[in-house]
Amino acid sequence: MGVRLRHFIAYGLVACLLAGAGLLGFRFFEVAPLSPDLETPKRMLAAARPELRGRPLFFTPEVLPFLREWKAAFGEEDPKQLVNAFEAALQSPPAWRALDRKWRFGAVILAGDPAGFRPLLEHLRRSPDWTLTRMDPTGYFFERSPAEAWTVEALPSALEAFRDSSPREQQFVRLQLAHRLMYWDDLPAALALLEEVLAEAPKSPEAWTQMAAWHGMAGQWNESLAAAQRALKAKSNYFPARVAQAQALVTLGRFGEALILTRPLFAAASDHPQVLLLHARASRGAHAYHEEVEVLRRLIDLLEGRSQPVSVWRVYLGQAYSATGSVLMAEAQFRAALADPELGEAERTFATKALEKLDYQAETINTELPTGPAPSLLDEQMLRL
């Protein structure tokens, strides 16, 4: 049976490399709380058991400025190189395991937006040798098992810690906790917090954007779109809500509408992998293959600059080049991807078959595709494997 290039593994199936399934992981918060306890992981670090502080700690980049007493555990290691290695491991549990064998981490702190470390979060969540011992508005804290596990029953104490904060900050606490609970796959607890905030602030764009994310996690994409539109009604230029709106449209298959939204998102946030992925998906679905090429090239450059793997994206770029008739460029991307021994089996099979057919494609593909959303004759009749 032939395989259409445009029907190669859907972008959504590899979105977990960047954002995780079901929800585009853009940072949904533009609130600027006054309390450093809400802006930084300092409270979580301070709560760590004293005996852990003399051991190496795995951390997300947001944590580096606050390590202080933990830094000595890494000796003379170059902080920049350490952060680059750690950042790459956020997307690759095998790479993280290699680092753990080297450093024998005493704890793991994952601060910042969970979209940026979804693969590692899921890995630790399922690993019997690691236990989540704390969750607060700024992140997750893991210790080696056996350890006392954090449970949702601890939420009241997390909220109580901010009882003296302003009402706005207390709403922010609940939104942040709801966001983390969604990534911890506790949708009921997350929904309860979101409903509390909306009861107090029914026009909150942050809360409605989080509700859009919640519906997306639940697979309710029409409801997600409606919630994003509620957020934009409250604040028309709220960037996270526009991202949520575009995500819902892409998932609903409304690619032409989505592309109108993702073009300005791409222009405004061309250094954010999740936004790039969203624009690539919209471009692909709308048959805007030249735009897909542009954004995938940008994504590869960005990830290479962060020392993250790019071979799977080279396969997608090769597919996009094929759709524009750029056979030589497609061939180069497929060969570069196949040179990576860590390329996945499905992608390797696809790239190998694509290369076998490129000679035939070179004889038949000779027309430039439009950059708009109109269906392409080439896409429907010629790009077959």
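Values in this text are rule-based calculations from the coordinates and carry no lab data. These numbers were taken from a predicted model, which means no experiment stands behind them. Heads up, the Cβs are rebuilt from the backbone with ideal geometry, glycines too, and the neighbour counts pull from every protein chain shown.
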Report summary line: Fewest-first ordering of W214, W208, W150 by Cβ atoms within 10 Å yields W150, W214, W208
Query raised in the report: Among K71/K102; K42/K71; K42/K233; K42/K80, which pairs are too far apart, with a Cα-Cα distance over 24 Å?
Result: K42/K233
Query raised in the report: For the peptides 156-166, 242-252, 115-125, what is the packing order when you average, over each peptide's residues, the other Cβ atoms within 10 Å and list the highest mean first?
Result: 242-252, 115-125, 156-166
Query - region 274-301 versus region 113-169: alpha-carbon centroid distance in Å - result: 34 Å
Query - lysines with Cα under 25 Å of K357, excluding same-chain neighbours fewer than 8 positions away - result: none
Query raised in the report: So what's the net charge close to R68: Lys and Arg +1, Asp and Glu -1, counting the other residues with Cβ under 15 Å from its Cβ?
Result: +3
Report summary line: One finds, for Q81 and R55 with R0 = 25 angstrom and r their Cβ-Cβ distance, a FRET efficiency to the nearest 0.05 of 0.80
Query raised in the report: Among M44, M329, what is the fewest-to-most ranking by other Cβ atoms within 10 Å?
Result: M329, M44
Report task. Can you tell me the order of 78-84, 317-323 when each peptide is scored by its average per-residue count of other Cβ atoms within 10 angstrom, highest first? Result -> 317-323, 78-84
Report summary line: Two pseudo-spin positions, 7 Å from Cα along C-beta at N237 and at L355, lie apart in nanometres by 5.0 nm
Report summary line: Here the net charge surrounding L225, from other residues whose Cβ is less than 11 Å away from its Cβ (Lys, Arg +1; Asp, Glu -1), is 0
Query raised in the report: What is the gain in length, in nm to one decimal, between A147 and L64 on full extension, counting 0.36 nm per residue of separation less the C-alpha to C-alpha distance?
Result: 27.4 nm
Requested in this report: Would you kindly state how much longer the chain becomes between A192 and L252 on full extension, computed as 0.36 nm times their sequence separation minus their alpha carbon distance, in nm to one decimal?
Outcome: 19.0 nm
**Report entry** Extension reserve of the A161-I260 stretch, reckoned as 0.36 nm per residue once the Cα distance is removed
**Finding:** 31.3 nm
Report summary line: Fewest-first ordering of I260, I300, I109 by Cβ atoms within 10 Å yields I260, I300, I109
Query - Net charge, V315 excluded, C-beta distance under 9 Å - Lys, Arg +1, Asp, Glu -1 - result: +1
